[in-house]
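Here the structure is laid out as C-alpha cells; the discussion comes afterwards.
No value in this document is a laboratory result; all are computed from the given coordinates. A quick note: this is a predicted structure, and the numbers were derived from the prediction, not measured. Cβ placement follows ideal geometry from the backbone for every residue including glycine, while neighbour counts extend to all protein chains displayed.
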Amino acid sequence: MRPIDPRPLAERLQSIPPFHVMEVVRIAEELESQGVDVIHLEVGEPDFPTSSSVIDRACSALQSGKTRYTDARGIQPLRDALSAWYRSQGLDVPARRIQITVGASAGLLLACAATTNPGDAVLMADPAYPCNPRFVEAVGGKVHWIKTDIASQFQPTCDALEIEATVADRTLMLAHPANPTGQAVPSAELERMIQWCLTTNRHLIVDEIYQSLSFNDALDSSLAISDQHFVVGSFSKYFNMTGWRLGWLVIPEYALEPTQRLAQHLFICAPSFAQEAALSCFEPQALHEAEMHRRELKSRRDLLIPRLEAMGFQVAAEPDGAFYVFVDASGITSDSQQFCAELIRETGVAITPGLDFSESLPPTWIRIAYTQPADRLLEALDRMARFIHD
Ligand SMILES: Cc1ncc(COP(=O)(O)O)c(C=O)c1O
C-alpha cells in the first residue's frame, strides 16, 4: 500500500547538487562496455594496491576471529601506533586523544557534529572537497563560503576571515593540502588562522588526509602549531586503503570525552579487522612502499604540469601534495563540463569538471587526478593534445 500523499523528505536532501563528473563516468562506462580504452584521471583514489603486509595481517585477523566490535575509540595498539607516528614527526599527540574513525569521512562528520549547532555556520574555502558541505548540513549547520583565488593558493587567508566572519560562524574548516588543488595552507597563514580561531573562540577542523602525501619539504601537521583543534587523518590515501574505511580524528582536550561518547553512539567502532591490519602500516615494508608511492606521485606531477601548460591549460600553482592538479582551461574552452564530456567521448580520457568543487569560480576549471602510471599519463596527454589542437 502506498501513502496517500508523498511524505516530505528532509530539506537537506534538496540542496545536494549532482556530481557533474557522473556524466563523464556514465560516458566512460558506456565506452568501456564497447571495448574502448578509457584512461581514468577523474577518480580521487590512488592506483596503488594496499601493501601485501597489510592484506596478510587482515587475513590472519579475520581467521583469528577479529570480527567483533572493538573499543569505540579504536584498538589501543593502533592508537598507540598513530601516537608514535606523530612522535616520529616531533609531535606529542597522546593516544588518548586519537579516535579511530570510519575513514576521514566519519572523522569530518564527527568533528562537525561535535562543534556545530543547528543554524551555526562553518567557514570553508571555495573551492572545496564536495562532501564537506554535506557533513555540515547533516548536523544542521550552514556553510559560509570564503572565495579564494590563485594568489592565496585557493586557501582562505586570515585577512579574508577577519572581514567576512560573522557571529554565526562558529567553526573554520581547512584542508591541508586540499582537494581539488593539492595545495597546502602557507605556514604563516596557517599560524595566523589558528591564532585567530583561538582568540575569537572559534572551533577549527583541519583535514590532513593528504599531509603525508606532500612533495616538497615534509609538510608539518597543523598540530605542530597548536593542540587546540580537531585534525582529521586517514589510511585511505597515503596507505592506499580507500576501501578499508579507516581513518582517525585527533580531538582537542577541551572536546575529548563528549566527542568520544558521540562517536560511540554514531558508529560503535571502525571495522575491527581493518584496524588490526592497519598496525602493519607502521612497519618497515608498508612504510617503504608508501614512501615509494609518494615519490612516484611527485614524479608524475612533474611530468604532467609542463605538458598541460604547453597545451594551454593554466596550472594554478604547483600542487604541494596529494594527486590532483587544478587547471584553468579558459584558454581552451568556456565550458569545462562540456569540454570534459566531449574529451571522454572523443578520446577516452576522463577528467573532472571544476563545477563539482566550486560555487564561485568560472566554469572553466578542471581537476585532473594523476592516478595512473607515467606511460598511461603520457598516453592521456597525447590524446588530449590531439583533441585540443586538431
Ligand atoms: C579532502 C578529503 N577529505 C576526506 C576525504 C574522504 O576520505 P576517506 O576515504 O578517508 O573517508 C577525501 C576523499 O577523497 C578527501 O579528498
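Descriptive notes on the structure:
- Relative to the compact-globule estimate of 2.2 N^0.38 Å, the Cα radius of gyration of segment 178-325 comes out at 1.19.
- The residue among TRP85, PRO319, TRP145 whose Cα reaches farthest toward the positive pole of the charge dipole of the chain, with charges on the beta-carbon of Lys, Arg, Asp and Glu, is TRP85.
- Here is the size of segment 86-221 from its Cα atoms: Rg then Dmax, 14.5, 40 Å.
- Point-to-point label distance, GLN89-GLN34, nm (Cα→Cβ direction, 7 Å offset): 4.6 nm
- Whole-Å distance, taken between Cα centres, linking segment 79-128 and segment 186-225: 12 Å
- Potential lengthening of the chain between THR166 and SER187 amounts to 5.1 nm, from the contour at 0.36 nm per residue minus the alpha-carbon distance.
- P(r) tail fraction, segment 279-370 - alpha-carbon pairs more than 20 Å apart, %: 44 percent
- Modelled FRET efficiency - R0 30 Å, GLN264 with ASN201, Cβ distances, 0.05 increments: 0.65
- Stokes-Einstein D (µm²/s) once Rh is taken as the Kirkwood radius of the chain over alpha-carbon pairs, at 37 °C in 0.692 mPa s: 150 µm²/s
- Whole-number D in µm²/s for segment 52-283 (Stokes-Einstein; Kirkwood sum over Cα pairs; 37 °C, 0.692 mPa s): 183 µm²/s
- Taking the chain and dividing mean pair separation by its residue count, relative contact order in percent (alpha carbons under 8 Å, at least six apart): 25 percent
- Rounded to the nearest 20, the Cβ-based charge dipole of the chain about its Cα centre (Lys and Arg +1, Asp and Glu -1) stands at 1240 debye.
- Karplus (6.51, -1.76, 1.60) ³J(HN,Hα), θ = phi - 60°, over segment 96-110, in Hz, Gly and Pro reported as x: 3, 8, 9, 9, 7, 10, 7, x, 4, 4, 5, x, 5, 4, 5
- Modelled spin-label separation between ASP217 and HIS288, with each label point placed 7 Å from Cα along the Cα-to-Cβ direction: 2.9 nm.
- Once divided by 2.2 N^0.38 Å, the Cα radius of gyration of segment 8-59 becomes 1.80.
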